[in-house]
Structure formats: structure tokens, C-alpha cells
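Asker: My questions will all concern the structure given below.
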Number of protein chains: 2
Amino acid sequence: MGEHDDAGTGPIDTATVDTAHLEEILLGRWAETKRVARELLKDPQFHKTENLTKEDHRERTLKQAHALVEANAVHRAFPEEFGGDADHGANIAAFEELVTADPSLQIKAGVQWGLFGAAVMHLGSHEHQKKWLPGIMDLSVPGAYAMTEIGHGSDVASLGTTATYDAATDEFIIHTPFEAATKRFLGNAALHATAAVVFAQLITEGVNHGVHCFYMEIRDEQGNPLPGITIEDDGHKGGLNGVDNGRLRFDQVRVPRTNLLNRYGDVAEGGAYSSPIESPGRRFFTMLGTLVQGRVSLTGAAVAAAKLGLIGAVTYGNQRRQFNATSTTEEEVLLDYQLHQRRLIPRLATTVALGFAHDNLLAKLDDVFSGKDDSDENRQELETLAAAIKPVATWHALDTLQEAREACGGAGFISENRFTSLRADLDVYVTFEGDNNVLLQLVAKRLLADYAAEFKNADVGALASYVANQAGSRVMHRFGLRKALQEVQDTGDERRSANWFKQPEVQRDLLSGRVRQMVADAAGELRHVAKLPPEKQATVFNEHQYQIINAAKAHADLLLWEAFTEGLEQVEHPGTKQVMTWLRDIYALTRIEETLDWYLINGRVSGQRARTLTPYINRLVARVRPHAQDVVDSFGYAPEHVRMEVASGAEQARQDAANEYYRKLRASSDAPVEEKTLLDRKRAQKRAAKKQ
Amino acid sequence: MGEHDDAGTGPIDTATVDTAHLEEILLGRWAETKRVARELLKDPQFHKTENLTKEDHRERTLKQAHALVEANAVHRAFPEEFGGDADHGANIAAFEELVTADPSLQIKAGVQWGLFGAAVMHLGSHEHQKKWLPGIMDLSVPGAYAMTEIGHGSDVASLGTTATYDAATDEFIIHTPFEAATKRFLGNAALHATAAVVFAQLITEGVNHGVHCFYMEIRDEQGNPLPGITIEDDGHKGGLNGVDNGRLRFDQVRVPRTNLLNRYGDVAEGGAYSSPIESPGRRFFTMLGTLVQGRVSLTGAAVAAAKLGLIGAVTYGNQRRQFNATSTTEEEVLLDYQLHQRRLIPRLATTVALGFAHDNLLAKLDDVFSGKDDSDENRQELETLAAAIKPVATWHALDTLQEAREACGGAGFISENRFTSLRADLDVYVTFEGDNNVLLQLVAKRLLADYAAEFKNADVGALASYVANQAGSRVMHRFGLRKALQEVQDTGDERRSANWFKQPEVQRDLLSGRVRQMVADAAGELRHVAKLPPEKQATVFNEHQYQIINAAKAHADLLLWEAFTEGLEQVEHPGTKQVMTWLRDIYALTRIEETLDWYLINGRVSGQRARTLTPYINRLVARVRPHAQDVVDSFGYAPEHVRMEVASGAEQARQDAANEYYRKLRASSDAPVEEKTLLDRKRAQKRAAKKQ
């Protein structure tokens, strides 16, 4: 039995991390692919260069993309027929690692192969694939994915661009009817794209069949826009300046009818529309289905970036010294300060949680895209899971990179330490491929729908009792408060309280209970909405928007906790398991701490217990503190991936040299005496003189 | 009497904002100076150009700084003898506005005149001023402020650089004894500085008298480093690339004895040290006293940047439409969504609160620096006030610019909308001129010291009863919970609860009660510390670091609330007063909402009241929503200051054109019918056919 600390955090002397073991677990299901990708990305040709104009950065990124083709690094998702591996999980796993080299390269590659190429692959016919995939794969045909318009981003169904079938010439006329319908923010469009897949309202025989996708050439061999096409540059951006984002406008541009990527909707010669999917709504969502790959891969990339940030800040926090707090000759290293631990270690815990959650997400994506389980239900689950985790992951990356940068002080602001550079590049991840708040709203609606479905077949009695429960919620909460008071006796003790909080069942109950009740509360308050006139429906729904978005966030918290807890089962080494369990507890308890008011109001945590939570978390982060370096080392990144001065060991060498200087000085006869010491001495002499 | 809404937020029909009146109030005490500064900064030569290399940006910024000299815009703080105005408040008020042009220009100017020049002015003799101020003021001598070292930032007292007096030649020998003592992050150092003020440990006659400041030339007329001086470039940064930050290393560099800026400490020929301030500690803090100007001006600049962000996001939120929620023909503008209101309007409230708080801070700075009230006590109050508000303001600016950028979606990421650019530049404001967390710790220590002073002269009885109170805190909190339960009767009603929350006395009690109790709790827990051995003292203090930093934040919340409430008194126009009161309430209540768990645990807000708080805030933000544009318009910035496409009205024009297109289409016979409409029609026909 190991020694126990005084707050019930668990045995502490056995807690040593087996970094090789942990690295294997954290690499997850596609460990081997990630290793191959990481090995390639050690090559400096792929690394971001700072202080370039956007023009120079764009050229460099294009070259890097060609180098990826040469290294056979971008073909994993494509059909074997065209030289690919048809391996969707591995494709994303490798793609995500590009962020460690240069996020611009990741996004440029994502546009070319993950969006432009994927549209042809998933929305086109076999003929389309044969005709266009080879050029897309070898980058001889760089292309844009022309979906977003100035006036419509998240609301794709309302795009303004039209594609009207003209039976006279058997062509589609692609047209931008007003300025807000200009395609915007299209990677590759400003400079390099010679083709594009364009999303437009398909109109034939007087009927609008909704948004479909068309393959178009947009530039001639000299790089000039084709007739009727106007191309503009989106200009300099807050980051990702290696990607040439631009705008496309179409003035009655004609393309052959057969350029319609027709897997889910086709127009026959003469204009007759047909589709294997009858419902226009379902057809639309099926066509957008491949977008989920973007969300999954941004999630993984965000986790990778957060890891880099933590490697830098934790390493520096273990070397940089500041203030002489303990009055010994040496100053404290930053990570010995409680606040510094509080700033970095909960973020470390969330990063590990997200890593596990992302691995699950990737496995589900692989199931769906490989056809192993591509049922409608599983596809929807994948969409909902991605919509919940992508927002949390991308916001977390920004938050962690920022805290890591601040934790390194001024050094964190210098580009050679990459925090600001990564943060600037990843900034747009929170609003593209699905705006985070819009995605969370999707999750919330799904939670509400699932909840409603539970009662769909319920008899009237069950429903009545449910409604009564909701109406009586105030009574329940009052009871909650009473219950809290009754618990004062057994929870006044900090250790007992800690023992309660550290139980996985308690954590699960608290996190899942919150989601359930928040959804039930919202459902209860919205239950009459369907009976209202449409305008009033929207108003009432809007009045609950903030509430249901918070329910979606609570749902994401739970998903991450479940993934972390499941991930823990793989850890066999006892010391590693102990440290990882502390981290899981820190993840759970900081989530609960952040929404502690809710738990108190709803009587789920008593006031007495609640007041022990923060001190307990403070003790837990102190427990993990000696192992923080081991955990970040287990992320498995080599110096060629990290490339930060703060993580290079240079600070340790400087501290050692400074210490050595002062040690020698103290040992010599040259050491100047401090004025204060002199003053103290004089005062003592005066007192002594008086006494005589 | 005006109409009252159903939630007691106050009369709503009289609430219209008199923007001219509000603008005058928000401009504050130095309104006229600000107007003059803003007028100058309309000139495009001062505006930031994006997509420059750091080399080009640095040259441009230097040119801009020279243009400021030509415009006589940088002399307000200097003595009248040298052509200045000796007007410290006006100087900072004007200086802060530079951030709207280019933050690099602000910081470059801050280094030259606010740090380098101010050091000569405040730490030097009249002879020093006569010799060096003219060249500093006209920028013929660009200079660096060489304080920070690689190994020591916030802990200035521990700097490693030495200045040893050599009686043989009557010189100081400036030396960098080890690499960590290299001066780093010095604006002007990498390229333009020909001189520097260097902070070093003054050693004479075998005694170290602590950190003093020395004027040194560092480059010759050709721009080469002088012998013994090594200059390096800090390189590309996360922002502010118009400032040439660099490093200085000294290898036994000799400067005349008289180059010591000797106002607070001098060395006579032969080596005798003297100072008008006996205590080395007090002397050190007096010499660092001018640094407070930097903190005050960064606060004001941060508020200005937050205002720009909100102007952009609110204007765009009133024009951009997304999703057709109400099923009318037109989509909703973003700001009609509750979540969007929730994202922007509380930040608007905090920005206004910070504006008032900053105006108070600036008035205090003016009192101190003008000599109107430069007592030690007032100086310390200024330091503490600045240390509390600078962290809140600079973090708030980053948070607001980020939320504003996300609220504009992809458009927020494009540099032409400036959110990302401003955010990148202001990033370092949170760690320079006093790291935010270090400053908050100073505030916390001051709060604890003030608290201890209250009991210094207390008799034993009072102290005993205080200790007993603290020891019995559990009983108190239990009582708190009981009290909360008793309040259920009168607070179950949402309207009564809202009426309670909106009372200024209640808000003050809640915010100030939190600070008082947090400080008392910490003081109680730390009361035995003085009796412990030094190492143990540090350990115990460290275990409370997170807690006391939170107390300092609570103190800042209160300061802002008080400033806002005081500011409200200037508002005479009733409608404006109503809107501003709602904003003040939103500021107070979102602060309370964020730490609601504390109020619940400590029995200061009952569970029943607590659950009405978020819905009440949601109603308040909806009340302010129609006036949000008026409030941001009252910030008084012209299009030349805002310079954002999203705030230009272009989006409104695009929306109008799109609407017009659809209106015409609907009116014409060409309008395609939606497939869904067609399907519904067919189904209806089928049903009709069956019936027949």
C-alpha cells in the first residue's frame, strides 16, 4: 500500500508515469499512421516560416503541398483504383498532424483533398472520379470548394447562387444574382485554383431542387479567370496567410449538364430531375454529409495544437524561476506556484480528455465512411458527436495556447515560441466548417428531439406525470436545498467530501444529471411551442437559446468525461493510472466547479460540499504537478515538431549559468554586501552600543 | 409614467439614447484632448498597414513617430521649459488614442517618450533633462528602456546587470555577468535606438545599493553598436511588429559617473553613495513609480480597442442576416438572436464600466504627477488602483475583440476588419508593464495589509472576537443557508426577485460583501503565517494564492461597478439614463452570475433568487438590444478610426440588394417553385383524389 496524502487524493508514492506506455495510449487507434505522418513532418521544408508577406507564404504553402504529393502523404482517403488506400480514419489521423508543421499547409491540403477532392469523390459519379480525381490527387488541378457566400455561411440551404438548366444547349447556367451571393473565403481561389466545385440552387423545368454541387473550370492555362468569372482576393487574414482565400462571382457562366456531381440528384437531357432520395431535406443533408470530415479533423488538429502549447508552457514552467518566495538562495520555478498549476494543469486534463474523445469520434467516422456502419442513425450520431466536440476542442485550443503564451510572459509573445502564431492560425477554426455556436445549437436540438422521442409512445399517464414533475420543479428544488442541509453532518469533513467527489459514479451522476435536467427543463418550457403561430414559435425558442446552448455544452462535458474514463481502462501501469485518474478527476471537478451555481441551485451538491471543491482541486493539481512534464512528454512530439525556444532547454542552461555565477560570487571575497544587510548591521551595533 | 415591461426592468418607452450627450460623458474629463488627438489620427499616414514584413512595418512606424513630433503631439507630459505642457493627464489621454491608428505606433511612442524620456525626466537631475530631453522629444535620439532581462521580468529587484563604480576613472562599469541578465524585449533596441536608460545593480565601495538607472549611448552615428555592447533582434512577434524589440548585452562598458540618473540615489566622486530616501526598499519603489503611467495608458488603450471591436460587431450584428427563424420572407439580423445579445451586450456594459473606471484612474494619476496630491498614500492608492484595473481592462480587450471577431464569422477573421489585428497587437498588453497576475497579487497583498491594519490598534477583545468569527465561519454559512430558505416565500416571484437585483444598494452589498469576506477568510487562514519559519510561510501563502488572486479580481469588479454608478450621476437625459442604468445592472449582475456559486455557498443569495438571475439578465440584454447601436455610436469614433468593412454599411447595401432581387423574383412569373412546395401540393392532390 502506498502512502496516502491527507486529503484522500490516493496513493502518491507509486505515482510515476511510464511515458512510453502512456504515449502509446494517447496516440490512440491510428498510432502507426500518426508516427509515419510525424516522421515526415520533421522535414524543415514543411515548417512554417514567420515574417513572410502573404504572397511569399502562399507560394511556400503551395510548394509544401506539392511536396506532400511527392511524399505520397495525401492519398489515404481516395479509392484504391486511383492509387489511394480507401482508409478514411487513417487519412484524417495523418492529416491532423499537418497542423504541427504549418496550419496553412493543413488547411490548403484540406481544401484540395478534403473538400474539393472529397466532393468529387463523394458527390460525383464513377465517371467524374475517373475524369477528375487523378488531377486533384497529384495537384495538377488545384481547386476551390465554393460553398460559402458573403451573405450565407452556416445557412447553406439559403445560398443565392443559381444553376439553371438550359435545355436548348444542354447546359447549366451558373449565376451570381446579387453581391451577397458572391462566393467568399474560398481557399485556393485567390491564386492557385484552376477549377472549383460550386454549390448552387439547381433549377430545372421551373422547379428549384435546392443546393447541388457543380464542377467548373475557373482559370485558363495562363491563370486568368475564364469568361464570366470574376475572382477577387480576400486579402490578408488574422492567420493562415499561406492559404489564398478568394471570392468568385459568376455572370451567366455555362457548364455542360454532365458537370453536375450527380450522385444524389441528376438532371437528364431535356431537364427531368431525378434523385435516389425523395425528401429534399434529407437529400440536402446527405450531400453535406462529407463536411463532417472537416469537423472531425479540425478537432484533432485543435488537440494537437493544444498539446504543443502545453509542452512549451509546462517545460518552461519547470525551468524559469521567478521571485525568491522561500528565502532560500534559489528562486522558485514557475510551476511551483499554485496559480501557475491552476492555469496549466486543468487545461492539460481537458486536452487529454479531448484526445480520447477525438479518438472515439475518428473511429465512428471510419465506421461510417468505410461502410462498416453507415446506417442513417450512425451517420446522425457521428454528426451530433462532431457538432458537440468540434466547438469544445477548437475553443479549448485557443484558450490553452493563450494561457500557455501568457504563462511564458514576454517570451510567449515572440514568434519563435509559436504560441501566438498557432493561436492566430487556429482562430478561424472556431467559426469555419460550422460555426461553433451554430453547431452547439444543432446538438441542443438533437438533445431536445431525443428527449421528445422518449415520450412519443408514452401513454397519457406517463406524460401527465412528466408535465406535473416539470411544473413542480420548484418543489423539487426546495427539496434539493433541504437535502443539502441534511448532508451538513457528513460533509463538513473535507476528506469525506473529497472521497465523495473522487468517485467516478458521483462524477458521472453529476455531469449526466445536469444534461438530463437541463434538457428536461428546456423541453418542459418549450412544450407548448408547437401550438403557437410560427413567428411566436421562433420568439419563444429564441428566448431559450442561451439555455439550450448551455445544455449542449454540458452534453459535451459529459462526452469528454466518458471518453477519458473509458480511456483510463487501457492504462495498466499503476503509477500512470494514478496520475491519469487524478487528471480525469481534475477534468470532471473543474467542469463541475465552473457550473457549481447550477448544482447548488438544483440541490445536487450541498453548500458544505461545494465549499470543499475548490480546495480539493487545488490539492489535486499540486499532486499532478510533479508529473506534468511526464504527461506532456508522453504526447510523443519530437523537438522537430515542437520547435519552441522555451521548450529547448535553453532556459535551464541560462538558469544554471546564473546560479553558478552567484555561487562563485558568494564563495569569493569580491561579493558586494547588500545595503539592507549593512543597515541592519549598523542598527544592531547602535543597539549594542546603547546597552553598554 | 412610461410603460413597464413585465419583469420590472424599468420604463421602456422613454428609453432613447441622446448620443451627443452620452458621447460627452463617455469622453470623460479629457474630452477636448481626446478630440484633438482623434482629429490628428484621422490622417491615413498613421494607420496600420497589414501584410508588411517586420522590417517594412518598423520603418513605417518610425516615420509615423517622426510625424507625431511634427504634429506636436508628443510633448504634453514634458516640462514647459522644454516646450512641453507639463500636463500628465492630457498626455496619457492623447497617447491612448494612438491605439486606434496602429498599436505599434502607440508602443513605439510609449517607449520613446513614456519610458525612455520619462526616466530621464523623473529620475534625472535638471542637468540631465537639459542635456538629453530635447533630443528625446524631437526623436533625434531614439532610445530604449533597458529594464527587463531574459531571467527577470516582473521581479525587477533581482536584475542581474551590474553597474560597478570605479573610483580610478570616476566611471561606472556596466556589465552583463551571465546570459540570463541579457536585456530583452526592449522596444527601439533592435534597430533605431542610439541611446538607452539601463537598469542595473549599483555597486560602490563594496556595497550593492540595488537597482538604479543609467543613461548610455549604445550606437555610433553609423548605427553600429558601441564597443562592448552586443545587440540582437528579438525577431518576429505575435503582434506589434512595427516595434523593433531587441536585446542588449554589456561587456564591461564604461560610462561617466554623471550618467547615473541621480534624483533618488547618487554617487559622489570617489564613490560615496547618498540618497534622499533612506530605506532601500522605498527608494526602489519610488524609482519604479513612473511605471504606473504605462499601466494607466495601457488600460485606456485597451478600453479604446474594446470599443472598436464592439462598434464593428454591433453594427454588423444589426445588418447581417442569418437563418429564417420566424418564417417570414426575411431572415433575422444576428443581434435579434438571444445568444448574440448575450455575447455582445454584457461586454458592452463592461466596456462602459471600464471607461468610467479608467477616467477615475487617469484623474488620480494627474493628481499625483501634477503634484496636486503626490502624498505617499495617494501614490500607493494610484499604484493599487492601476494594478487592479490594468489586468481587467487588458484581458477584457482581448476577450471582447475575440468575441466580436467570432460574432462576425469568417468576416471577423479578415484583416480588413481589424479584430484579429488589434487582438494580436494587444495580446502582450496582458503581460507587459506588469504581468496581470503579478499585479493582481500586489492588489491582494494590499487588501490583506489594509485588513490587518484595521486590527493593528484593536484591543485584544476585538481581535479575539474576530478570530472566533473566522473559526466559526461554518456556523455562519450554515446560518446563511437557513436564511436563504426563509427567503423562499418572498423570492419565488420572478418580478420581486428582479426588483431586488436591480437595486444599486443590493448590487453594492453583494459585490463589496464578497471582497470583504474573501479578504477576511484569507486573512483568517493566514493569521498564523508570521509565526512560521520562512520556507513554511511561503508554502502556506502559496496554498492561498489562487484564493487571494480571486479576491483581487472581486475587488476590481467592485471598483468598476462604483465607477459606473458614479458615472451614471452625470447622465441627465432620462432615456439615456434608463439605458445606461440597464447597462450598469447588466455589468453588476453578470459579475454576480459568474461567481454565483460563491454567493450561494456563503448564503448571500438564496437558491430561489439565484435561479431568477440568468433569466433576468437575458431580459435586460433584450431591453438594451434596440439601443446597442446608439451606445457604440456614442463612443465618438469616426469612420477614419473604425476602418472596418463590417462597420461600413456595405453589408446593409448587400442585404438590401438581395432583398430587392427576391422581391422582384417573387413578383415575376419566372420565380421557380420550390421542390418541397411541389411535393406538398402533389400529396394534397393525392389525398383529394382518394377522397373522391
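Asker: Over both sides of the A-B contact, add up the buried accessible area with a 1.4 Å probe and give it to the nearest 100 Å².
Answerer: 9700 Å²
Asker: Moving on to the next point. Enter the Cα centre distance for the pair the stretch B:182-261 and the stretch A:234-297, rounded to the nearest angstrom.
Answerer: 59 Å
Asker: Could you report chain B's accessible area per residue, 1.4 Å probe, as an integer in Å²?
Answerer: Computed with neighbouring chains in place, this is 38 Å² per residue.
Asker: For the pair B:Q685 and A:A167, what calculated FRET efficiency results from E = 1/(1 + (r/R0)^6), where r is the Cβ-Cβ distance and R0 = 30 Å, to the nearest 0.05?
Answerer: 0.70
Asker: Give the calculated FRET efficiency between A:S375 and A:A31 to the nearest 0.05, with a Förster radius of 35 Å applied to their Cβ-Cβ distance.
Answerer: The pair A:S375/A:A31 has a calculated efficiency of 0.80.
Asker: Restricting attention to the stretch B:28-70, which trypsin sites (Lys or Arg not before Pro) occupy a DSSP loop and are surrounded by at most 11 other Cβ atoms within 10 Å?
Answerer: When the trypsin sites (Lys or Arg not before Pro) of the stretch B:28-70 are filtered for loop state and at most 11 Cβ neighbours within 10 Å, nothing remains.
Asker: Under 1.5 on a/c is rounded, so check that first for the stretch B:120-258, then, if it is not, pick prolate when a/b is larger than b/c and oblate when it is not; a ≥ b ≥ c are the square roots of the alpha carbon gyration tensor eigenvalues.
Answerer: Oblate, because a/c is 1.5 or more while a/b does not exceed b/c.
Asker: Heavy atoms of the protein only, probe of 1.4 Å, neighbouring chains included. What is the accessible area of B:H528 in Å², nearest 10?
Answerer: 100 Å²
Asker: Moving on. Can you show me the helix-derived [θ] at 222 nm for the protein assembly as shown, built from DSSP H runs with n ≥ 4 at -39,500 (n - 2.57) apiece and divided by the number of residues, rounded to the nearest 500.
Answerer: -18000 deg cm²/dmol
Asker: Positive end of the dipole of the protein assembly as shown, charges at C-beta (+1 Lys, Arg; -1 Asp, Glu), about the Cα centre: which of B:V120, B:G151, B:G242 has its Cα farthest in that direction?
Answerer: The residue sitting farthest along the positive end of the dipole is B:G151.
Asker: Let me ask another. Where does each of B:W500, A:W132 land when they are ordered by accessible area, with a 1.4 Å probe and the largest first?
Answerer: Reading off the accessible areas and sorting them downward yields B:W500, A:W132.
Asker: Rounded to whole Å and sorted largest first, list the principal axis extents of the Cα atoms in chain B.
Answerer: Principal-axis extents of the Cα atoms in chain B, largest first: 120, 73, 46 Å.
Asker: How large is the dipole of chain A about the Cα centre if only Lys and Arg carry +1 and Asp and Glu carry -1, each at its Cβ, rounded to the nearest 20 debye?
Answerer: The dipole magnitude comes to about 3180 debye.
Asker: What's the extension gain from B:T16 to B:K676 if we count 0.36 nm per residue and subtract their Cα-Cα distance?
Answerer: 233.2 nm
Asker: Using a ≥ b ≥ c from the Cα gyration tensor of the protein assembly as shown (square roots of the eigenvalues), is it rounded, prolate or oblate, where a/c under 1.5 gives rounded and otherwise the larger of a/b and b/c decides, a/b for prolate?
Answerer: It is prolate, given that a/c is not under 1.5 and a/b is the larger ratio.
Asker: Keeping all protein chains in the complex and leaving out DNA, RNA and ligands, what accessible area do you get for B:S668 with a 1.4 Å probe, in Å² to the nearest 10?
Answerer: 50 Å²
Asker: Evaluate the distance, in nm, between pseudo-label points positioned 7 Å from the Cα of A:K531 and of B:A363 along their respective Cα→Cβ axes.
Answerer: Roughly 5.7 nm, to one decimal.
Asker: Quote the charge dipole size of the stretch A:165-309 about the Cα centre in Debye, to the nearest 20; the model charges only the Cβ of Lys and Arg (+1) and of Asp and Glu (-1).
Answerer: 780 debye
Asker: Here's a follow-up. At what distance in angstrom do the alpha carbon centres of the stretch B:367-412 and the stretch B:94-140 lie from each other?
Answerer: 21 Å
Asker: For a protection proxy built on the mean count of beta-carbon atoms within 10 angstrom, sort B:176-183, A:514-521 highest first, please.
Answerer: B:176-183, A:514-521
Asker: Could you report the accessible area of B:D336 in Å², rounded to 10, computed with a 1.4 Å probe on the protein chains as they sit in the structure?
Answerer: Probe radius 1.4 Å; accessible area of B:D336 about 60 Å².
Asker: Further question on the same structure: Charges on Cβ only, +1 for Lys and Arg, -1 for Asp and Glu, centred on the Cα centroid of the stretch B:14-276; of B:N188, B:N91, B:Y165, which one is farthest towards the dipole's positive end?
Answerer: Working it through, the farthest residue towards the positive pole turns out to be B:N188.
Asker: Turning to a different aspect of this structure: Can you tell me which aspartates and glutamates have their Cα less than 14 Å from the Cα of B:K372? Leave out same-chain residues fewer than eight positions away.
Answerer: The reachable aspartates and glutamates, counting only those whose Cα sits under 14 Å from B:K372, are B:D87.
Asker: Next question. Could you tell me which of rounded, prolate or oblate describes the stretch A:19-137, using a ≥ b ≥ c as the square roots of the eigenvalues of the alpha-carbon gyration tensor, with rounded for a/c under 1.5 and, failing that, prolate when a/b is larger than b/c and oblate otherwise?
Answerer: oblate
Asker: Just to confirm the number: angle between the C-alpha axis of helix B:504-526 and the first principal axis of chain B, 0 to 90 degrees, nearest 10?
Answerer: 50 degrees
Asker: Which order do B:S297, A:S274, A:S158 take when ranked by solvent-accessible area (1.4 Å probe, heavy atoms of all protein chains), largest first?
Answerer: A:S274, A:S158, B:S297
Asker: Here's something else I'd like to know. Quick one: of B:K34/B:K577; A:K502/B:K390; A:K237/A:K307; A:K531/B:K686, which pairs are farther than 29 Å apart, Cα to Cα?
Answerer: A:K502/B:K390
Asker: Given R₀ = 30 Å, FRET efficiency for B:V506-B:A453 by Cβ-Cβ distance, to 0.05?
Answerer: 0.55
Asker: Let me ask you something else. Subtract the Cα-Cα distance of A:A157 and A:D399 from 0.36 nm times their separation in residues, and report this length gain in nm to one decimal.
Answerer: 83.9 nm
Asker: For peptide A:598-608, how many partner chain Cβ atoms fall within 10 Å of a residue's Cβ, on average?
Answerer: Mean number of neighbouring Cβ atoms from other chains: 5.
The values are calculated or read from the model by the stated rules, or taken from the named source; none is laboratory data. What you see is a predicted model; the values in this text were computed from it and never measured. Backbone-built Cβ (ideal geometry, glycine too); neighbour counts: all protein chains shown. Just the protein is used for accessible areas: all its heavy atoms, side chains included, with ligands, DNA and RNA removed. Shrake-Rupley method; radii C 1.70, N 1.55, O 1.52, S 1.80 Å.
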